[in-house]
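Structure first, commentary second.
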Amino acid sequence: MSQPRKQLDGQETRGKTARNRLRRVDLFAMLYDRSLLKRPDSAVFVDLGYGAYPFTVLESAARLRELNAQLKVIGVEIDPARVAEGEPYQDALTDFRLGGFNIPLHQGESARLIRAFNVLRQYDEPAVLPAHRQMIAYLEPDGLLLEGTSNRFGQLWVSNVIRRTAEGGCYEALVFSTNFRLGFDPADFQPVLPKNFIHRMVAQEPIFDFMEAWKVAYFQSLGYRDWGPKQLFLATAERLAEMGWPVETGRRWLQKGFLIWKRQETFNC
């Protein structure tokens, strides 16, 4: 807790995080850039805004260390009481620190992956890009920021996939995730769109056009509904691709409930 509270950038979240809420975010990260997580360097994984209890930090540490047994995991919270909740679980590879978007890395540390879920949803939209810029400044080259929103138990979530590049940052993808337990309808994702998209569901905005196209693909694929939500999800993704949308159609993604909208939108730090 080396930083006084007045220097922290950000606001307290509601802090209500269910156990295993972000399990599928970890699964996506391990599938999306396995080599990043397995790199033998000392770069850390940061769980920013983990909430009132350190569940997600400890769960992610256990999962990600299946790929990299020496991976250092840092939980960052802006509330000193929440940091204190994690301190009994600290060890050589697990740390809990007081901080905000100005991530409290120690000298010589960098992050390979930062996860910030359900953090920016309470902010006004103009605050999003500055927060993204601030967070990726702590990433090592080619590191990733996963910033998004999930529902209460993590059955549905949508996340920005942001890469640290030599020029700054790149919105590399927008990923939609479902475990199919709530069925499947593209409209169900709208309430969990990240903050930089949720207020742009209006005509002529790219996210509006994408969601409308997905709904069209859904209705054109309803013949697959009798085969279950997974087959319907897969069919709508393939139809989206046929319509010209740059979505990943690999079965290893779709069968696991991940629809990846590939994007290449850069920004300066």
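Every read-out reported here was derived from the displayed coordinates using simple, explicitly stated rules and does not represent laboratory data. This one's a predicted model, so the numbers in the text were calculated from it and none came from an experiment. Every residue, glycine among them, receives a Cβ derived from its backbone with ideal geometry; neighbour counts consider all protein chains shown.
Need the full-extension length gain, residue 208 to residue 110, defined as separation in residues times 0.36 nm minus the C-alpha distance. One decimal, nm.
Stretched out fully, the residue 208 to residue 110 stretch lengthens by 31.7 nm.
Could you give the length gained on full extension between residue 241 and residue 187, defined as 0.36 nm per residue of separation minus the Cα-Cα distance, in nm?
Stretched out fully, the residue 241 to residue 187 stretch lengthens by 17.6 nm.
Along Cα→Cβ, 7 Å out, is where each label goes; now give me the distance between the ones at residue 122 and residue 87 in nm to one decimal.
My value for the distance between the label points is 2.3 nm.
So for the chain, if I pair up every lysine 8 or more residues apart or on another chain, how many of those pairs have alpha-carbons under 28 Å apart?
Lysine pair count for the chain: 19.
Work out the length of the dipole vector of the chain about its Cα centre, built from +1 on the beta-carbon of each Lys and Arg and -1 on the beta-carbon of each Asp and Glu, and round it to the nearest 20 debye. Could the numbers behind the result be given before it?
Values: 35 positive and 32 negative charges, 124 e Å.
That gives the chain a dipole magnitude of about 600 debye.
Give me the distance in nm between label points sitting 7 Å out from Cα along the Cα-to-Cβ direction at residue 23 and residue 137, one decimal.
Taking the two extended label points, one gets 3.7 nm.
Kirkwood hydrodynamic radius, segment 140-229, all distinct C-alpha pairs: what's the number in Å?
On the way: mean 1/r = 0.0687 Å⁻¹.
Kirkwood hydrodynamic radius for segment 140-229: 14.5 Å.
Assign unit charges at the C-beta atoms only (+1 for Lys and Arg, -1 for Asp and Glu), then state the dipole size of segment 10-160 relative to its Cα centre in Debye, rounded to the nearest 20. All intermediate terms of the calculation are to be shown ahead of the outcome.
Working: 19 positive and 19 negative charges, 108 e Å.
With only Lys, Arg, Asp and Glu charged at Cβ, the dipole is about 520 debye.
Taking the Cα centroid of segment 21-43 and of segment 105-172, what is the distance between the two, rounded to the nearest whole Å?
Rounded to whole Å, the Cα centres lie 14 Å apart.
Taking the Cα atoms only, what angle lies between the long axis of helix 55-64 and the longest principal axis of the chain, rounded to 10 degrees?
On a 0 to 90 degree scale, this one is about 80.
For the chain, build the charge dipole from Cβ charges (+1 Lys, Arg; -1 Asp, Glu) around the Cα centre, then report which of 247, 139, 257 sits farthest towards its positive end.
It is 257.
What's the angle, to the nearest 10 degrees (0 to 90), between helix 206-220's Cα axis and the longest principal axis of the chain?
50 degrees
What is the distance, in nm, between label points placed 7 Å from the Cα along the Cα-to-Cβ direction at residue 201 and at residue 69?
In this crude spin-label approximation the distance works out to 4.7 nm.
Just to verify a number: FRET efficiency for residue 53 and residue 129, C-beta to C-beta distance, R0 = 35 Å, to 0.05?
So the FRET efficiency works out to roughly 0.70.
Would you please give the FRET efficiency between residue 102 and residue 226, computed as 1/(1 + (r/R0)^6) with r the Cβ-Cβ distance and R0 = 45 Å, to the nearest 0.05? Write down the numbers at each step before the final one.
Numbers: r = 52 Å, r/R0 = 1.15.
Efficiency computed from Cβ-Cβ geometry: 0.30.
To the nearest 500 deg cm²/dmol, what mean residue ellipticity at 222 nm is calculated for the chain from DSSP H runs of n ≥ 4 alone, each contributing -39,500 (n - 2.57), summed and divided by the residues?
-8000 deg cm²/dmol
Given [x] 194; [y] 124; [z] 203 as candidate values of volume of the Cα convex hull per residue in Å³, which corresponds to the one derived from the coordinates?
[y]
Stretched out fully, how many nm does the piece from residue 35 to residue 180 gain, at 0.36 nm a residue minus the Cα gap? Numbers along the way, then the final one.
Working: separation 145, 0.36 × 145 = 52.20 nm, distance 2.78 nm.
Taking residue 35 through residue 180 to full extension adds about 49.4 nm, to one decimal.
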